[in-house]
Amino acid sequence: MFEVYIHVPFCLRRCGYCDFNTYTATDLGAGASRGNYANMVIREMKLTKQWQLDHGIAEPPVSTVFFGGGTPTILAARDLVAMLDAIRKIWGIAPDAEITTEANPDTVNEYYINELAAGGFTRVSFGMQSAVPHVLKTLDRTHTPANVAAGVNAANKAGLRSSVDLIYGAPGESLDDWRTSVTTAIDLGVNHISAYALTVEPTTKMGRQIRRRHVDPNHDDDEAAKYEIADDLFAAAGLEWYEVSNWARPGYESQHNLGYWRNVDWAGLGPGAHSHYNAVTEADHPQSASLTAPAGGGVSGGCRTGGGFRVSHGLRSWDIAHPRLWGTAINENRVPWADSETITPEENLEELIMLGLRLHEGLDLDRINRAINDAGMSSTPQTLRTVSVDQLAPMISEGLITVSDNHRVVPTRRGRLLNDSVIEQFFDFVGV
C-alpha cells in the first residue's frame, strides 16, 4: 500500500493547546501563501515522484489521501481538489481509495462540501473537540455544536462519510461535561469517532497557563475515567474500538490511520510532514544538505537525489518545518527535506511492537519473531530473544492482554489504559 499525507499549515487562529506546525499569517514567503499553496505542494509531488524513480521505488496507485493541518479547509475547495487531481496524475489513485480532509466546522458549508464530493473526496473529519461551551472556550475553539451538526448533515447529503474528533482532559472539564460531548457526538449519527487525551506541551499558551497555575493540569485518574466512559458509550452505540484512540462501526475504520499503524509506505507533503518507506532498493540514501540556522531563525536545508550511503532497510524523512524555507527548497528544485534516516532492523522491530499493541487486530507474534530473527542477523550484538505465548502469561494474568489462537496479542481495556507499560514489558521480553 502507498498513502499520501498533505499538511496544510494555515489556521485562522492558534488554539492554546496546539503544538502543531501551524501559522496564522496568509503569506509566509517563497511562494508559501494560502493562495499559492496548492501549486507549491504539486511541485513537491513532482520532486518526490522523481526521487522515488531515482531510488528504485515503484509505488502502487495511492490507496488513501489525507489532508491534515492546521486547517486544510481554510484553503478554497478547488485548491484541495487540484492537489487531489495532481496525485491522480502523478501516482494514480486506486478505484476504492479513501480520500479524507480534516475540517474546522467554522470553515465549511454545504457548497464547500459539495465541491469536495464532486472533486473525488470520500470522507470529512470534523474537529469537534467538545460539545460543551466552556470547554470549547478553554480550548480556544470558536465553533459551536450547531456548526458541527451542520457540517455532518452537509456531508451526509453529499454522500461523504463523516468522522468527528474529540479531546478529553481540558482544564475544568467535568465527567458530566465529557459524557455530554460523547453522547452529542454519537447522536450526530457518524460512523467514526476519535477521542484523544489532551497533551499539553510546556511551550504552548495552555502550557504556560498551567506552569503559572492559572489553570489546573489534568490528572491520569481523571483521563482514565473519561476513557472508560467513552469506551462504554461508544460500544453501546455500536462503535467498536479498532485503535486505542479510534472507534468505528465495522467497515468504517479510517484506512489512512490503519496504514500508519500497519507501517505501510507513505509520502508526507508540506512543511514538517513526515514520509516513510519500508525499502529503498538498489539506491543510495540522499545526502542531506548542510543544515544551518539563518539569521531569522529556523533551519535551512533540503535533500538532493543521489549520493550518500546505501540504504538496506527502511527510510524515514521529514520536510523542512518553516514554510518559507520549505518553499525556498522547492524553488531550487530540491526535495524539501530537513533530514532523513535509515530504519534499522531493531528500530523496525520496535515500531512493529509499538504499533501492533495499539490495534484491536493485535500484534502478530509470529511476524514479530520473524522480525527478531531478521534483526538478530544484523551487525548488532545478538541480544534479541523470540517470544512464546507462555512467556506472556504474567501479562495475561494481570489483565493487560489476550492472545488469540492464531497468536495475535491484543490489549484489553486495562492494557489500552496502560499501553506504555504493556509496550515496555514486551520490549523487556524481546530484549530491545
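The values are calculated or read from the model by the stated rules, or taken from the named source; none is laboratory data. Only a predicted model underlies this, so the values are computations on that prediction, with no experimental measurement involved. Please note: Cβ atoms are built from the backbone with ideal geometry, for glycine as well, and neighbour counts cover all protein chains shown. Accessible surface areas use protein heavy atoms only, side chains included; no ligands, DNA or RNA. Shrake-Rupley method; radii C 1.70, N 1.55, O 1.52, S 1.80 Å.
See the values below:
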item: Contour excess over end-to-end distance, with Cα ends at residue 237 and residue 58 and 0.36 nm allotted per residue; result: 60.2 nm
item: Sites residue 118 and residue 1 - FRET efficiency at Förster radius 35 Å, r taken between beta-carbons, to 0.05; result: 0.85
item: When the stretch 35-170 is reduced to its Cα atoms, the Kirkwood hydrodynamic radius in Å; result: 16.0
item: Near-label residues of the stretch 337-355 by backbone N, under 16 Å of a point 7 Å along Cα→Cβ of residue 279; result: 343-345, 348-349
item: Vicinal HN-Hα couplings computed from phi for the stretch 222-236 (Karplus, 6.51 cos²θ - 1.76 cosθ + 1.60; Hz; Gly/Pro x); result: 5, 5, 4, 4, 5, 4, 5, 4, 4, 4, 5, 5, 5, 4, 5
item: Tensor-based shape of the stretch 119-205 (alpha-carbon gyration tensor, a/c under 1.5 rounded, otherwise prolate or oblate); result: prolate
item: Rounded to 5, the percent of DSSP beta bridges in the stretch 1-111 classed as antiparallel; result: 10
item: Extension gain, residue 50 back to residue 222 (0.36 nm per residue minus Cα-Cα distance, nm); result: 57.0 nm
item: Pair residue 134, residue 316: separation of 7 Å Cα→Cβ label points (nm); result: 4.1
item: Nearest-10 value in Å² for the accessible area of residue 63, using the 1.4 Å probe; result: 30
item: Efficiency of FRET from Cβ geometry, residue 82 and residue 199, R₀ 35 Å, rounded to 0.05; result: 0.55
item: The stretch 51-140 - percent relative contact order, Cα under 8 Å, separation 6 or more; result: 32
item: Local electrostatic count at residue 233 - Lys and Arg +1, Asp and Glu -1, tallied over other residues with Cβ under 15 Å; result: -3
item: Neighbour net charge for residue 186 - beta-carbon separation under 12 angstrom, K R +1, D E -1; result: 0
